[in-house]
Amino acid sequence: MTPHRIRLGILGCGAITQMEHLPAALAHPDVELIALVDSATDRTRALAKSHLVQCQISDDFRPLLGQLDAVINALPNSLHAPVTLEVLRAGAHVLCEKPLAIKASDALACAALAEQQGLVLAAGMNRRFVASHKLMLLVLNEGMLGPLKSYTCDYGGAFDWKSASGFYFSKALAGGGAMIDFGVHLLDSLIDWFGPVSEFSYQDDNWGSGIEANAIMELRHSGKYGVVEGRLQVSRTFPLKNRLLVQGAEAEAEVKVADLDSLIVRREIAGEQVCQTLRLSDAKTNSFYKQLDNFVQSIRGTEKPEVNGTQTAAVLQLIEDAYANAGRIPEPWSEVPCGTPTEPPKVMA
C-alpha cells in the first residue's frame with residue numbers, strides 16, 4: 001500500500017503521452033507527476049511548459065527510480081520489455097503501453113518478475129475502458145443476442161498518427177506492422193468477449209520488411225459461449241467499415257469506431273425490426289484516465305489490473321503465430337504473368 005499520492009514518472013514523451021497519458025496524470029488527484037523522461041529533452045521541456053507542469057526533465061530514467069512509486073512506459077515498442085524489467089527490478093510499479101513486449105516470452109518474463117517483486121504490472125489496453133467494451137460484455141452475459149453465430153471486426157484508414165520517433169516503420173523497433181500496432185487492441189477485446197482462439201488463418205501484405213500495412217485474420221474461439229467464428233481485418237492504407245458486428249440467432253450488436261461510448265442492438269419485437277442504442281452513465285470519462293485510475297487503485301490494493309502481463313502475452317503469442325504462418329493477401333494487380341514470351345512487334349519502315 002502507498003498512503004501518499006503516487007509519485008509517477010512518464011517515460012517517452014511522444015504523441016500518445018502528449019495527447020493522453022500526460023493529461024490523464026495531471027487530472028488524477030492521487031497522482032503526483034515527478035518526471036518526464038525522453039531523449040529529446042527540448043521537446044519534453046516544451047511539453048511541460050505547454051501544460052504548465054513543474055517536474056523534472058531528464059533523458060535517463062535510471063537516476064530517478066529512487067524517487068518514483070510508478071512509471072508509465074510509453075517508449076518505442078522494442079524498449080517496452082527491457083525497460084519494464086529494469087523498472088520492476090528497482091521496485092516501481094509499471095503501466096506499459098501496448099504491446100507490453102515484441103515477443104510473448106518477454107511479456108511473460110515481465111509478468112513473472114512483477115509477481116516475484118510484489119508489484120503491479122498493467123498493460124496499456126485503453127480500449128478495455130471504453131463504454132462499448134463493457135456494454136458488449138453485458139449484452140453477451142444477458143444473452144440478448146441468443147446463441148452466437150459469428151462476428152466481423154475491421155479497423156482501417158490511411159496512417160496519419162503523428163509519431164515523434166517514426167519507430168512504427170521499423171521491424172526491429174515496432175515488432176511488426178498494423179496487426180501488432182492496432183490489431184493487438186482488437187484481439188485483446190475479442191478474446192475477452194468470446195474466449196481463447198482455438199484455430200486461425202492469417203494473411204498480410206508484408207513483402208519482406210516485416211511491416212504489414214494490411215492484414216486479415218479468420219478466427220475460431222472456444223469459450224463460455226461455445227464456438228464463435230469471426231473475421232478481423234486491419235489496414236493502414238485505406239478506410240474500412242470501422243466497426244465490430246456480432247451476429248446472434250436472435251439479434252445483432254454493433255460497435256462503431258466513431259462512437260465507442262455506445263453499442264447498437266438490432267432485433268425483432270412483435271414482428272417489427274427495432275434498433276436500440278445502449279450507453280453507460282459514465283461513458284464520457286476518458287478511457288486513458290480510467291486506465292490510469294485502475295493502475296492507481298491496483299497499487300492501492302483495491303482493484304486488479306484490467307489487463308495483466310499474462311493476458312497480454314497470450315495475445316502476443318497469437319500474433320507471433322500469425323506472423324510465423326502468414327499467407328499473402330492476393331494482389332492480382334502486381335502479379336507478372338508467366339509463360340512463353342511473345343514476339344516483339346515489328347517496327348514499321
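Coordinate-derived values only; no laboratory data. If you're wondering where the values come from, they're calculated on a predicted model, not measured in any experiment. No Cβ is skipped: glycine too gets one built from the backbone with ideal geometry, and neighbour counts run over all protein chains shown.
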Summed over the other residues with a beta carbon less than 12 angstrom from that of GLU199, with K and R at +1 and D and E at -1, the charge totals -2
Mean residue ellipticity at 222 nm from the helices of the chain, using -39,500 (n - 2.57) per DSSP H segment of n ≥ 4 over the full residue count, to the nearest 500 deg cm²/dmol? -8000 deg cm²/dmol
Springs between alpha-carbon pairs under 10 angstrom, Gaussian network model over the chain: which of SER132, SER50, SER78 fluctuates most? SER50
To make sure I understand, if each residue's beta carbon is the centre and we count other beta carbons within 10 Å, what order do HIS221, HIS185, HIS4 fall in, fewest to most? HIS4, HIS185, HIS221
Please compute the Kirkwood hydrodynamic radius over the stretch 1-133, one decimal place, Å, based on all pairs of different Cα atoms. 15.0
Which Rg and Dmax, in Å, describe the Cα atoms of the chain? 22.7, 94
Enumerate the calculated ³J(HN,Hα) couplings along the stretch 202-207 in order (Karplus 6.51 cos²θ - 1.76 cosθ + 1.60, θ = phi - 60°), each rounded to whole Hz, writing x wherever the residue is Gly or Pro. 9, 9, 8, 10, 5, 9
Other residues with Cβ under 15 Å from the Cβ of LEU145 give, with Lys and Arg +1 and Asp and Glu -1, a net charge of -2
Jot down the per residue volume, in cubic angstrom and as a whole number, of the convex hull over the alpha-carbon atoms of the stretch 1-44. 69
Any idea which of GLN54, LEU232, ILE216 is furthest toward the positive side of the dipole for the chain, if Lys and Arg beta-carbons carry +1 and Asp and Glu beta-carbons -1? GLN54
For THR285, residues with placed amide H under 5 Å, excluding near neighbours: none
About the Cα centre of the stretch 22-106, how large is the charge dipole given +1 on each Lys and Arg Cβ and -1 on each Asp and Glu Cβ? Please answer in debye to the nearest 20. 140
Mind pulling the angle between the C-alpha long axis of helix 287-300 and the longest principal axis of the chain? Nearest 10 degrees, somewhere in 0 to 90. 50
For the chain, calculate the relative contact order in percent as a whole number, restricting contacts to Cα pairs under 8 Å that are 6 or more residues apart. 19
Taking VAL71, VAL83, VAL257, VAL228 and counting other C-beta atoms within 10 Å, the order from fewest to most: VAL257, VAL83, VAL228, VAL71
For the chain, built as a Gaussian network whose Cα springs stay under 10 Å, the top-fluctuating residue of PRO330, PRO23, PRO147: PRO330
Connecting C-alpha atoms closer than 10 Å in a GNM of the chain, tell me which of LYS103, LYS49, LYS304 has the biggest fluctuation. LYS49
